[in-house]
Amino acid sequence: MKDRFANGFIAGFAGAVSMNIFNMIGHYLHTVKDHYYDFSAVLLWYKPAGTTGEIIVSLTVQLFFTALLGTIFAYLTPYLNKKYYLFKGASFGLTWWFSFYTVTTLLKLPAVGEHTLAGSTTNGIGSAIYGIVLAYLFGLLDNKDELESTEEKKKVPTKYRIIPMPSKKMKHR
């Protein structure tokens, strides 16, 4: 795909899935009490998700919103040097993690207002994983688009060429 928005969305969605898997592992290891979808549930209903329907809706909203954050990253990347892009992705994820924690604390939202050291650390690591997966996958998709566009430029029909193409050298076995 040659669409920066779509590439960012896909990379953001993949990052969100990996972040949620890490969060669920932390939940089952009892290092974190809230799921990421609880943040979106509290913003939607002012309470954590309780029913299966609420879990599905809040998880869908959380995945969609986090995928949209990937599009923000995609539009920021032309202004960033490609050097250390995984570190930049992790920093992007950690910035959003801190922003969401700040908002929930300042608004004193229920069930997500009290954070433990273990829970905050686990969610921070999950957000860094999100950023790394986002940056890595977006880099792959973006490089693939760059390669395709350069190959399309090379595919000029021969009837429009003034000088014939040189033949390719064959490798001898």
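No lab work stands behind these numbers, since they all come straight from the coordinates. From a predicted model like this one, the values you see are computed outputs, not experimental measurements. Here the Cβ is made from the backbone with ideal geometry for all residues, glycine too, and neighbour counts use every protein chain on show.
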Ordered by number, the chymotrypsin sites (Phe, Trp or Tyr not before Pro) in the range 15-105 that occupy a DSSP loop and have at most 12 other Cβ atoms within 10 Å are Y46, Y84
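Counting other C-beta atoms within 10 Å, and keeping those with at most 12, which DSSP coil trypsin sites (Lys or Arg not before Pro) do you find in the range 1-102? Please report the intermediate quantities before stating the final value.
On the way: sites: K2, R4, K33, K82, K83, K88; in loops: K2, K33, K82, K83.
Qualifying residues, ordered by number: K82, K83.
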Set K33/K82; K2/K82; K83/K144; K33/K88; K82/K144, cut-off 25 Å on Cα-Cα distance; pairs above it are K33/K82; K33/K88
Given the candidates Y85, L69, F22, the one whose Cα lies deepest towards the positive end of the charge dipole of the range 18-89, counting +1 at each Lys or Arg C-beta and -1 at each Asp or Glu C-beta, is Y85
